[in-house]
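All remarks here apply to the structure that follows.
The values are calculated or read from the model by the stated rules, or taken from the named source; none is laboratory data. Note that this is a predicted model, so its numbers are computed, not measured. Cβ: placed from backbone, ideal geometry, glycine included. Neighbour counts: every protein chain shown. Calculation scope for accessible area: heavy atoms of the full protein, side chains included, ligands and nucleic acids excluded. Shrake-Rupley method; radii C 1.70, N 1.55, O 1.52, S 1.80 Å.
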Amino acid sequence: MSTDILERLRVDTADSHQQIENNSYARSMMDKSMTLPQYTQYLQLFYGFLKPLEQRAIHSGLPTELGLDMDIRGKTALLESDLLHLGLTSAQLSELPLCTNLPDISTAERLIGSFYVIEGSTLGGQIITKQLMKFLPVEPEAGISYFNGYGQQTRDQWLSFRELILKYGQSDASRHEIVHSARETFDLLQQWINA
């Protein structure tokens, strides 16, 4: 099974990935200047993007077809837990703005490309978790479950998703669709954060 698709994803999304890592929130996490209100706002932005995206994915039925258990892969519940821990009420959660300019996840390949961005971020989330715990009053089970993601299972979960990419990224057409969707997801997420 060729790993070309993984290299294409890495190379072709590098610029978009870098833009996400260079936004003001990400920079303030790394230089330890982020405040708790800023952190809460950043989580709200992820929630506003990921909740409708995950709802669209579940409604499509594609995750089930692909063998992706959204009870495990879904990030919305983690973000809700964090935001409630950080002081938001359920009513406030229900009033948070939700992104409507979402990536096209209408095919298995497009969904895989989009989820590549989300699943890949769990690897970096392990670094972010350690960083934030140095200067904010958060812990994996209390305010930072989104970035902590799968915790000690992160590598195994990533390797499992990686196999799905390899399985569906064997033809030129499917590779193109996966890469296009990943780039689109990075770019739309960045637009949402900047807006």
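Say R0 is 22 Å: what FRET efficiency, to the nearest 0.05, do residue 127 and residue 171 get from their beta-carbon distance? Intermediate values should be presented prior to the final figure.
Numbers: r = 34 Å, r/R0 = 1.55.
The value I calculate is 0.05.
If you average the sequence gap of Cα pairs under 8 Å that are 6 or more apart and divide by the length of the chain, what percent do you get for the contact order? Mind showing how you got there, number by number?
Details: 200 pairs, mean separation 67.3, N = 195.
With pairs under 8 Å counted, the relative contact order is 35 percent.
So, counting K/R as plus one and D/E as minus one, what does the shell of residues with Cβ under 14 Å around residue 57 add up to?
For residues surrounding residue 57, the net value is -2.
Classify the stretch 1-115 as rounded, prolate or oblate from the Cα gyration tensor: take a ≥ b ≥ c as the square roots of its eigenvalues, call it rounded if a/c is under 1.5, otherwise prolate when a/b beats b/c and oblate if not.
Details: a/c = 2.32, a/b = 1.26, b/c = 1.84.
Taking the square roots of the gyration eigenvalues as a ≥ b ≥ c, the stretch 1-115 is oblate.
Could you do me a favour and compute the accessible area per residue for the chain, 1.4 Å probe, result in Å²?
Values: 9770 Å² over 195 residues.
Per residue, the chain has 50 Å² of solvent-accessible surface.
Is the stretch 4-69 best put as rounded, prolate or oblate by its Cα gyration tensor, with a ≥ b ≥ c the root eigenvalues, rounded for a/c under 1.5, and otherwise prolate when a/b is larger than b/c, oblate when not?
Numbers: a/c = 3.37, a/b = 1.36, b/c = 2.48.
It comes out oblate by the Cα gyration axes.
Report the full-extension gain for the segment residue 70 to residue 27: residue separation times 0.36 nm, less the Cα-Cα distance, to one decimal in nm.
Roughly 12.5 nm would be gained on extension.
With each pseudo-label sitting 7 Å past Cα toward Cβ, what's the residue 195-residue 84 distance in nm, one decimal?
For residue 195 paired with residue 84, the spin-label model returns 2.8 nm.
Residue separation times 0.36 nm, minus the C-alpha to C-alpha distance between residue 77 and residue 91: what's the value?
Details: separation 14, 0.36 × 14 = 5.04 nm, distance 1.53 nm.
Difference between extended and current length: 3.5 nm.
Quick one: order 56, 175, 110, 10 from most to least accessible surface, probe 1.4 Å. Working shown, then result.
On the way: 56 105, 175 35, 110 55, 10 135 Å².
Descending accessible area places them as 10, 56, 110, 175.
Please give the contour-minus-distance gain from residue 15 to residue 101: 0.36 nm per residue of separation, less the Cα-Cα distance, rounded to one decimal in nm. Spell out each step's value before the answer.
Details: separation 86, 0.36 × 86 = 30.96 nm, distance 2.04 nm.
Between residue 15 and residue 101, full extension yields 28.9 nm more.
Express the relative contact order of the stretch 44-99 as a whole percentage, based on alpha carbon pairs under 8 Å and six or more residues apart in sequence. Present the calculation step by step, with values, prior to reporting the outcome.
Working: 31 pairs, mean separation 30.6, N = 56.
With pairs under 8 Å counted, the relative contact order is 55 percent.
Give me the percent of the accessible area of the stretch 1-111 that comes from carbon and sulfur atoms, probe 1.4 Å, all protein chains in place. Could you put the intermediate results ahead of the total?
Details: 2860 of 5820 Å².
Using a 1.4 Å probe with all protein chains present, the stretch 1-111 comes out at 49 percent carbon and sulfur.
Please tell me the relative contact order of the stretch 16-127 in percent, rounded to the nearest whole number, where contacts are Cα pairs under 8 Å and at least six residues apart.
On the way: 58 pairs, mean separation 30.2, N = 112.
Relative contact order comes out at 27 percent.
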